[in-house]
1. Just to be sure I understand the model, the point goes 7 Å from the Cα along the line to the Cβ. What's the resulting residue 18 to residue 33 distance in nm?
2. Using every Cα-Cα pair within the chain, state what percent have a distance larger than 15 Å.
3. In the chain, which chymotrypsin sites (Phe, Trp or Tyr not before Pro) fall in coil by DSSP and have 14 or fewer other Cβ atoms within 10 Å?
4. Identify, among 52, 83, 29, the residue whose Cα sits farthest towards the positive end of the charge dipole of the chain, taking +1 on the Cβ of Lys and Arg and -1 on the Cβ of Asp and Glu, with the dipole about the Cα centre.
5. Counting other beta carbons within 10 Å of each Cβ, put 91, 29 in order, fewest first.
Amino acid sequence: MSEDKGYSGNALDCLKKNNVKVGDSIKITADLTYSGILMPRYESSDDKHLVVKLGSGYNVGINVDEIQKIEIVSSSEVKPEQSEERKENPTLPKILLLS
């Protein structure tokens with residue numbers, strides 16, 4: 001899956017036109033003004049809505065046909081996962097952990 005995380009069709013076109021990526025903090029002007037973080041969607045979802053997580057914690061779906069303007073408040077940086085290297089200390093005793 002690409003960085004667009006499930007968006008396709010009209011919704012994907014809207015995101016690309018406004019240079020918005022999943023995880024960006026955005027402000028959308030439609031019938032009301034919505035501020036929040038652009039959330040990913042299921043791949044099988046329709047192509048007419050963007051999902052935004054509001055500051056209250058609720059998610060809201062916004063029809064792309066009703067969006068008048070999208071502003072990027074702050075852009076997200078995708079950090080590559082770093083695996084922690086386990087360092088063994090040979091002076092410590094070995095144990096067996098049962099759970």
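1. With each label point 7 Å from Cα toward Cβ, the separation is 1.4 nm.
2. Values: 3196 of 4851 pairs.
Cα-Cα pairs of the chain separated by over 15 Å account for 66 percent.
3. Qualifying residues, ordered by number: 42, 58.
4. My answer, from the dipole projection, is 83.
5. Listed from fewest to most nearby Cβ atoms, that is 91, 29.
Bear in mind these aren't lab numbers, they're just calculated from the coordinates by the rules spelled out. Bear in mind the structure is a predicted one, so any value in this text is a computation, not a measurement. With ideal geometry, Cβ positions are generated from the backbone for all residues, glycine too; neighbour counts draw on all protein chains shown.
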